[in-house]
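The block underneath contains the structure these notes are about, expressed in structure tokens.
The values are calculated or read from the model by the stated rules, or taken from the named source; none is laboratory data. Being a predicted model, the structure only gives us computed values, none of them experimental. We place every Cβ from the backbone using ideal geometry, glycine too, and count neighbours over all the protein chains shown.
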Amino acid sequence: MSKPKVAFYWCASCGGCEETVVDLAEDILKVVDAVDIALWPVALDFKKKDVEAWAPGEVTVAFINGSVRLSEQLEWVRLLREKCPIVVAFGACAHLGGIPGLANATTRERILENKYFNAPTLDNPDGLQPLTACTVYGCDLELPEFWKDVKPLDEVIEVDYYLPGCPPPAKTVMSAVTAILEGTLPPKGAVLSPAKALCEACPLNNTKPETLSISEFKRVATSTPDPGQCFLAQGYICMGPATRAGCGERCIRANMPCRGCFGPAPGARDIGGKMLGALGSLGAADTEETSMVLADTLVDLVGTLYRFNLPASLLKRQYTSGTGVPPVM
Ligand code: SF4
Ligand code: SF4
């Protein structure tokens, strides 16, 4: 009997999710034993025409990592959606926009201006910018369109399952592959991770006081947390109360507060909004002076509260003044 086929594809990402597949270590042999990899551009030379030639359903599942910002990425993910019965948003960028999604805090115009006109290492005397079409030595060339904003995968195609994390832990990936092979997947739309907040799984949870009172926010860039005490109780912004569990508490165990890569905990529609509400009630700010200390020490609000999920948040992106209407692709 032929083995089920799986596809891995990447859009706007760093390659960390691909590393997770490699990190399966000896488990990768079980995966390779159980499935045929029909597409994996990071490691194997497949072309788009190979995918176009697949019969619908021939490849069972597409694991797609990375967020979507280029017209070429849209073409690929639509093609994979058309061909594969199961599509998994693989990792924080596909799930929520991820780190590339922080580009939504600025505009496409400012990104291009910075890269092609203002970067200190730039040598661009003719002021060239990328074009979607041009002719060079008589040959017509095309480049993908660079959209106004970054999108999570489910904003452009229907997604069946979400594997959260930056990157998803190898154990979670293995469980998902096993569930697909054994036909034990939960209902469509599920996030393949426990439905509880990270705080509930945190080894420091028993050091978190019933009521917290924070007089100033601290940063790991300028001070070192006590590894034996809840970060939030020490004044470090730890996204644990608003973040979904399932990562193995990787950052906490490395003496780093959680940054929220697993996305919103069940019941938290907007991870940054939920965390901001929590911080508002924890701050010991009963005078103007104490409020100022708190406000002054809360730096990089978007990068802290929306680090992995700005495109999937209620804010989505920076809106330019004027109409206030969110730009489309
Ligand atoms: S706030 Fe952070 S450190 Fe404290 S219990 Fe929650 S996850 Fe653990
Ligand atoms: S502790 Fe938070 S940021 Fe770190 S891996 Fe887990 S969910 Fe992601």
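With respect to GLU18, is the statement that it is without any contact (Cβ under 8 Å) to a residue 60 or more places away in the chain, in contact with a Phe, Trp or Tyr (Cβ under 8 Å, 6 or more places away or on another chain) and part of a helix (DSSP H, G or I) true?
yes
Sort out which residues of segment 232-255 are more than 9 Å from ligand 1 (Cβ to nearest atom) and at positive phi, and write them in order of number.
GLY235, GLY246, GLY248, ASN255
Answer yes or no as to whether GLY16 is on the phi > 0 side of the Ramachandran plot, crowded, with 18+ Cβ neighbours inside 10 Å and of a type outside the set (Lys, Arg).
Judged against the criteria, GLY16 is not a match.
So ARG269 passes all but one of these: (1) in a loop (DSSP other than H, G, I, E, B); (2) within 11 Å of ligand 1 (Cβ to nearest atom); (3) not small (Gly, Ala, Ser). Which condition number does it fail?
Single failed check for ARG269: (2).
Do we find a residue being at pLDDT below 95, more than 14 Å from ligand 2 (Cβ to nearest atom) and under 21 Å from ASN104 (Cα atoms) anywhere in segment 276-289? Full working, then the answer.
In the first step, residues of segment 276-289 are kept if they are at pLDDT below 95; the result is 276-289.
Still in the list and also more than 14 Å from ligand 2 (Cβ to nearest atom): 276-289.
Next cut, under 21 Å from ASN104 (Cα atoms) only: 276.
Checking segment 276-289: at least one residue is at pLDDT below 95, more than 14 Å from ligand 2 (Cβ to nearest atom) and under 21 Å from ASN104 (Cα atoms).
Mind listing whichever residues of segment 157-205 are basic (Lys, Arg) and within 19 Å of ALA242 (Cβ to Cβ)?
Scanning segment 157-205 gives a single hit, LYS196.
If only one of ARG78, ARG69 is touching a strand residue (DSSP E or B) at 6+ places or on another chain (Cβ under 6 Å), at pLDDT 95 or above and of a type in the set (Lys, Arg), which one is it? Outline the logic, then answer.
Values: ARG78 fails: touching a strand residue (DSSP E or B) at 6+ places or on another chain (Cβ under 6 Å).
Going through ARG78, ARG69 in turn, just one is touching a strand residue (DSSP E or B) at 6+ places or on another chain (Cβ under 6 Å), at pLDDT 95 or above and of a type in the set (Lys, Arg): ARG69.
Report whether or not ALA254 is more than 13 Å from ligand 2 (Cβ to nearest atom), within 26 Å of the chain's Cα centre (by Cα) and small (Gly, Ala, Ser).
Values: more than 13 Å from ligand 2 (Cβ to nearest atom): no; within 26 Å of the chain's Cα centre (by Cα): yes; small (Gly, Ala, Ser): yes.
No, not satisfied.
Hey, any hits in segment 226-235 for a residue that's closer than 25 Å to GLY98 by Cβ and within 16 Å of ligand 2 (Cβ to nearest atom)?
yes
Hey, does segment 143-156 have a residue that's of a type in the set (Phe, Trp, Tyr) and free of Cβ contacts under 8 Å to residues at least 60 places away in the same chain?
The answer is no, given that none of the residues of segment 143-156 is of a type in the set (Phe, Trp, Tyr) and free of Cβ contacts under 8 Å to residues at least 60 places away in the same chain.
Mind counting the residues in segment 259-269 that are under 13 Å from LEU305 (Cβ atoms) and either surrounded by fewer than 17 Cβ atoms within 10 Å (Cβ to Cβ) or more than 14 Å from the chain's Cα centre (by Cα) (or both)?
Counting residues in segment 259-269 that are under 13 Å from LEU305 (Cβ atoms) and either surrounded by fewer than 17 Cβ atoms within 10 Å (Cβ to Cβ) or more than 14 Å from the chain's Cα centre (by Cα) (or both) gives 1.
Do any helices (runs of 4 or more DSSP H) entirely within segment 90-203 hold 3 or more residues that are in contact with a Phe, Trp or Tyr (Cβ under 8 Å, 6 or more places away or on another chain), closer than 27 Å to ARG317 by Cα and within 16 Å of ligand 2 (Cβ to nearest atom), and if so, which?
92-96
Report yes if LEU212 is in a helix (DSSP H, G or I), within 13 Å of ligand 1 (Cβ to nearest atom) and over 19 Å from CYS93 (Cα atoms), otherwise no.
no
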